[in-house]
1. Go ahead and run the numbers for FRET between ASP117 and ALA293, Cβ-Cβ distance against an R0 of 45 Å, rounding to 0.05.
2. Distance between the C-alpha centers of region 265-327 and region 51-95? Whole Å please.
3. Among the GluC sites (Glu not before Pro) within region 146-235, which fall in a DSSP loop and have no more than 14 other Cβ atoms within 10 Å of their own Cβ?
4. If you fit an axis through the alpha-carbon atoms of helix 261-271 and take the longest principal axis of the Cα set of the chain, what angle between them do you get, 0 to 90°, nearest 10?
5. What distance in nm separates the two pseudo spin-label positions at ARG327 and SER51, each 7 Å out from Cα along the beta-carbon direction?
6. Which residue, chosen from PHE276, ILE152, HIS132, occupies the Cα position most advanced towards the positive end of the dipole of region 28-330, where the dipole is computed from +1 (Lys, Arg) and -1 (Asp, Glu) charges on Cβ about the Cα centre?
7. Can you pull the three principal axis extents for the Cα set of the chain, in Å, largest first?
8. For region 138-242, build the charge dipole from Cβ charges (+1 Lys, Arg; -1 Asp, Glu) around the Cα centre, then report which of TYR198, LEU219, GLY176 sits farthest towards its positive end.
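Computed from the coordinates by the stated procedures, all read-outs in this text should not be read as laboratory data. Note that the structure is predicted; figures quoted are calculated from it, not measured. Counting neighbours? That spans all protein chains shown, and the Cβs are built from the backbone with ideal geometry, glycine included.
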Amino acid sequence: MTDPAYPATRLRRTRTTAWSRAMVRETRLDPSDLIWPLFVTDGDEAEPIASMPGVSRWPVEMIADRAAEAREAGIPCVALFPNTPPDLRSDRGDEAVNPDNLMCRAIGEIKDACGEDIGILTDVALDPYTSHGQDGVVDGGGYVLNDDTVSILVEQALNQAQAGADIIAPSDMMDGRIGAIRHALEDDGYTNVQVMAYAAKYASAFYGPFRDAVGSRGLLKGDKKTYQMDPANAEEALREVAFDIAEGADSVMVKPGMPYLDIVRRVKERFEVPVFAYQVSGEYTMIEAGAAAGSGERDALVLESLLAFKRAGCSGMLTYHALDAARLLNS
């Protein structure tokens, strides 16, 4: 039997009216699909980030208000990233395991204000804490040491769990860190704390504004190509995901987002696990710059880009547009 041909079949029929388009829509975007990344800083006032128009670093005392805004908009989770003061950075990133660091204080503020009404995802990596901007401990030649780094990441993860983090998200790309963190959480009784693995994180050119936001761009010596993935590789991403799932990851992440939607699709089809993507700082600023230059209507660009993640297979997305997108969807 052959497919019906024109004019018996007119694919435009179901596109004719808004109600019909809604009825047959294959992919739907909802505020519950969004995670809002927030930057935390010392001080008393919000600090606008020049390279990320519309995004600020928030003092600890203001971070709970942002989480409450997210909750009211239907966003289920916020992701925290600290801008550690330079005098607290060190070669080994010791501030990462300080129970009174920016991250832990921010977690406490949100939990006190919002309780269990919103989730808190915390970044596990050393680049916001090191004096050299790398994600781990470096040897004399500048190479990031895998196992020495993992031992600190375990302490960092436990520190965040003790502060009240709901999802531990290791973004460092060290081998074996998911298993080590999962075992440590289990041994310390944090059986319900989730692990979202940055399983396929690429050595991308799209991270620049983020490094401004956490204060590491001017500190970074060298690059991160010995641990973050080569943008040319796809099969390797599947191996990374397989390892992280086997080691106990509850969900996995692909980062960056839109340039790697093929990876999202392959991961979802292969493993059938919750897959998230991070619409990173460079993607955010490209949309903002494009809208400012008249390349497209901003709200439409935001929603279409997020819909693409869902269509590719994402369970959810980290995006700096989360609050604006949620309010658009709610309206």
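1. 0.70
2. Cα centroid of region 265-327 versus Cα centroid of region 51-95: 20 Å apart.
3. Numbers: sites: GLU155, GLU186, GLU235; in loops: none.
Sparse-neighbourhood loop GluC sites (Glu not before Pro): none present.
4. Helix 261-271 and the main axis of the chain meet at about 80 degrees.
5. 2.6 nm
6. Going by the Cα projections, it comes out as PHE276.
7. Per principal axis, max minus min of the Cα coordinates gives 71, 44, 41 Å.
8. Farthest towards the positive end: LEU219.
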